[in-house]
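The values are calculated or read from the model by the stated rules, or taken from the named source; none is laboratory data. Small disclaimer: the values here were computed from a predicted structure and weren't measured. Cβ placement follows ideal geometry from the backbone for every residue including glycine, while neighbour counts extend to all protein chains displayed. These accessible areas exclude ligands, DNA and RNA; they are computed on the full protein's heavy atoms, side chains included. Shrake-Rupley method; radii C 1.70, N 1.55, O 1.52, S 1.80 Å.
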Amino acid sequence: MIEPLPDLLIAPVVRAALAEDLGRAGDVTAQACVPAEARLSAIFRTRKDGVVAGLACARLAIAEMDPAADFRATAEDGQAVAAGATLAVVEANARALLSAERTALNLLGRLCGIATLTAEYVKAVQGTAALIVDTRKTTPGLRALEKYAVRCGGGVNHRFGLDDAILIKDNHIAACGSVGEAVRRAKAAAGHLMKVEVEIDGLGQLEEALKYGPDVVMLDNFTLEDLAEAVKRTAGRATLEASGGVNLSTVRAIAETGVDVISVGALTHSVGVLDIGLDAA
């Protein structure tokens, strides 16, 4: 079972999304067409196979509009479901439910889409030792939710931000003068709990990087042959992360080179939503 995100973390995102949709005058369509005291029951259903993530977003969106709403989840985050599956049943003030509908579906559909795609990558490397991880290529304001969805799909989170791990990239190296000097400075500055990762773009930089003891070496856009050679040369001295050129047709071969981690920006930066509907019961 996936440890759920606390409502305290999700609620501000939901409120901001609702405010964006409600604008200056609220839902003028619901106000014009639906009696103020009317009630409505509806069902969240998937229209395609997928993996569930983000049910709390739907629940909180509706609760913001109607605190007395009855939201009953019939699936769990992290659960694989078939097309037509019921995810939740809700009964609420009709105006409130109609006003919250799009925000609930936008967040739920996106997070389910991320979880579903992640599960496809995880399945593709099954039987290897490689972990599928995300990146910081997330939607601004939605990082915690999107990284949670990756976990729901069986993936693992990379760093959350600039403050929780040192990741030396090509421009840092250019500013420092060399790979070795960048790693040396990072190791000197890092506390005992802080990991240091360095990105390299060729085998020529590998030994120089390893000399200074990074925890992780990112192999950026390496060929399969060079990935395998890097695994051989490193011989367990650092965790090796493959990055760049990763998609569902290439990820298995990348995993079979023996790298430890495969980072996939597409999990969050170019994923489609899972088609989910909210239909009156």
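Accessible surface area normalised per residue over the chain is 48 Å², counting heavy atoms of protein chains with a 1.4 Å rolling probe.
Listed by chain and number, the lysines whose alpha-carbon sits under 16 Å from that of residue 147, ignoring those within fewer than 8 places in the same chain, are 137. Estimated from helical segments only, the mean residue ellipticity of the chain at 222 nm is -12500 deg cm²/dmol, where each DSSP H run of four or more residues counts as -39500 (n - 2.57).
State, to one decimal in nm, how far the label point of residue 129 lies from the label point of residue 184, with both points 7 Å from Cα in the Cβ direction. Modelled inter-label distance: 3.1 nm. Helices in the chain that qualify as membrane-span-like (whole DSSP H runs, Cα extent of at least 30 Å along the helix axis, mean Kyte-Doolittle hydropathy of 0.0 or higher) are 94-124. Secondary structure note: in the chain, about 50% of the DSSP beta bridges are antiparallel. Using C-alpha pairs below 8 Å separated by at least 6 residues, the relative contact order for the chain is 22 percent.
Remark: the residue 194-residue 32 segment gains 52.7 nm on full extension, using 0.36 nm per residue and subtracting the alpha carbon distance.
For the set 147, 211, 187, solvent exposure ranked by accessible area (probe 1.4 Å, protein chains only) runs largest to smallest as 211, 187, 147. The length gained by stretching the chain between residue 102 and residue 47 to full extension, at 0.36 nm per residue less their Cα-Cα distance, is 18.2 nm. 3J(HN,Hα) couplings calculated from phi for region 211-222 with the Karplus curve 6.51 cos²θ - 1.76 cosθ + 1.60 (θ = phi - 60°) are, in sequence order, 4, 9, x, x, 6, 9, 10, 8, 9, 8, 6, 6 Hz; Gly and Pro show x. Put simply, the Cα atoms of region 17-137 extend 58, 29, 21 Å along their principal axes, the longest span coming first.
Amide H to amide H, with H built 1.01 Å from N, residue 53 comes under 5 Å of 78, 112, counting only residues 5 or more places away or on other chains. Summing +1 for each Lys or Arg and -1 for each Asp or Glu among the other residues whose beta-carbon sits under 12 angstrom from that of residue 60 gives -1. Working ranking of peptides 40-47, 23-30 by packing, defined as the average number of other Cβ atoms within 10 Å per residue, highest first, is 40-47, 23-30.
Here r is the Cβ-Cβ distance between residue 233 and residue 275 and R0 is 45 Å; the resulting FRET efficiency, rounded to 0.05, is 0.45. What is the percent carbon and sulfur in the accessible area of the chain, measuring with a 1.4 Å probe over the protein chains and ignoring ligands? Reported share for carbon and sulfur atoms: 53 percent.
If the cut-off is 13 Å between C-alpha atoms, which aspartates and glutamates fall inside it for residue 187, apart from same-chain ones fewer than 8 positions away? The reachable aspartates and glutamates, counting only those whose Cα sits under 13 Å from residue 187, are 197, 215.
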